[in-house]
Amino acid sequence: GSAALMSFQTKSLIRLIFVIMLACVALVPARALDPVDVTSQATAIDLTGVIDTHPGAGVRLAVQTAPDAAGVVNRIEVRSTSNEGSGDWLSFALANKSDQQIDRLIVAPHYRLPGSGFMWPDLGRQRIVSITPSQGFALDRQRDREADIFRVTLDPGAVVTFVAELGSPDVPSLTLWEPDAYKDAVNSFTLYEGIVLGIAGLLAVFLTILFVVKGSAMFPATAALAWAVLAYICVDFGFISKLVDLAPGDLNRWRAGTEVALAATLLIFPYAYLHLGRWNSRWNWLMLAWIAAMGALFAAAIFMPERASGIARMAFAGAVGVTLLLIIILCFQRYDRAILIVPTWLLTIAWTVGGWWTISGQLDNDIIQPALGGGLVLLVLQMAFTEKQHA
């Protein structure tokens, strides 16, 4: 009996110790990473790899601050400021070891094409709801349609821990910018984007007029692709937000719709240019089925933009592959139009491969996204030159 009693007491003690250990683990606050040194010479610092994420933490989060200059570690607790939060948080620390006050911008873009994904892509949304520093007041949000931007001021010798309430589980990019450098970077891309938009608009109008003058089926097919490219670029470059007042969560529907339009019109061009309907009447029915399927997918983009975009990206790649196979077969039959379209389709394949490398994260920089937009315009221009030989 005494042995059984001792065994029962031992098991109870083990259970008690296990419960105490679980309670201690639950009470230990999340720790921020080591502080990032901010100097006046650094114009842009990538914070994506140094942040500490806290997924599913709920409406409040307790963290320990980074050690200050005296090595003192404090504990802060942050509560959600609105109902827009996702329950996810991140924290990071910045240190100003200089003797000058430093002003910086914390920038989190709503959408980045690099690493966005292929099947169910991330089409953009609000990333950061608010940022609370361990010293002073919550950071002020700067007005911007394409990114969450917060201005931060670091006093000389200060080490500040920041806790950010997220509007979505993921933050693809978080950068600390020098204000003037960020403004210059945005302005430089604005000039390029304006030029690309102008060329795309002129191409769409020119090809539409060409269809009115010369009533051939390949001209409206190319004009439809040109308008789809123009719509895609307007959304990708953020121009649509200047025309229509959109919330960050609404832009993903526009982006998914333009990607569906690109996939739909890409296959219509080789169908019309190669006169596939004359080779076999079944191609006419297949093209009608393709247009009906893309129309249904376009409607689905309103309710399920991520899924519609993923299917559209698969359809785009499939259209490129099927057309390449058709061109190879027709080239062996010495069909002149199939031979003339080879350079255009090689450019299409190159753009598709570059797009795959980008959305899979193998190409990740600030230039690749606008470069792919310019590549689409170059592709439409090449198609216009190809069909002008038959005008």
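Rolled with a 1.4 Å probe across the full set of protein chains, the surface gives VAL212 an accessible area near 110 Å². When only the Cβ of Lys, Arg, Asp and Glu is charged (+1, +1, -1, -1), the dipole of the range 113-263 relative to its Cα centre reaches about 500 debye. Under a 10 Å cutoff between Cα atoms, tell me which one of HIS110, HIS275, HIS54 has the largest fluctuation in the Gaussian network model of the chain. Maximum fluctuation in the GNM of the chain, among the listed residues, is at HIS275.
Once the 1.4 Å probe is applied to the protein heavy atoms, the chain comes out at 52 Å² accessible per residue. Each of ARG104, ARG278, ARG145 has its accessible area taken with a 1.4 Å probe; listed largest first, they run ARG278, ARG145, ARG104. For ASP366, the solvent-accessible surface computed with a 1.4 Å probe is close to 100 Å², ligands and nucleic acids excluded.
What size of dipole, in debye to the nearest 20, comes out for the chain about its Cα centre when the only charges are +1 on Lys and Arg C-beta atoms and -1 on Asp and Glu C-beta atoms?
In total the dipole reaches around 1420 debye.
Placing +1 on the Cβ of every Lys and Arg and -1 on the Cβ of every Asp and Glu, with nothing else charged, gives the range 34-177 a dipole about its Cα centre of roughly 260 debye. One Cα centroid belongs to the range 175-232, the other to the range 97-111; the line between them spans 33 Å. Computed from the C-beta positions of LYS242 and ALA217, the FRET efficiency with R₀ = 45 Å rounds to 0.80. Other residues within the sphere of radius under 15 Å centred on the Cβ of ASN365, judged by their own Cβ, net out at -2 (K and R +1, D and E -1).
Of ILE128, ILE102, SER80, which is farthest on the positive side of the dipole of the range 69-194, counting Cα position, with +1 on Lys and Arg Cβ, -1 on Asp and Glu Cβ, and the Cα centre as origin? Highest projection toward the positive end goes to SER80.
Relative contact order of the range 65-177, please, whole-number percent, based on alpha carbon pairs below 8 angstrom and at least 6 residues apart. About 42 percent, as a whole number.
The values are calculated or read from the model by the stated rules, or taken from the named source; none is laboratory data. Computed from a predicted structure; not experimentally measured. Cβ coordinates were reconstructed from backbone atoms using ideal geometry, including for glycine residues, and neighbour counts include every protein chain displayed. Remember, those area values only see protein heavy atoms, side chains included, never the ligands or the DNA or RNA. Shrake-Rupley method; radii C 1.70, N 1.55, O 1.52, S 1.80 Å.
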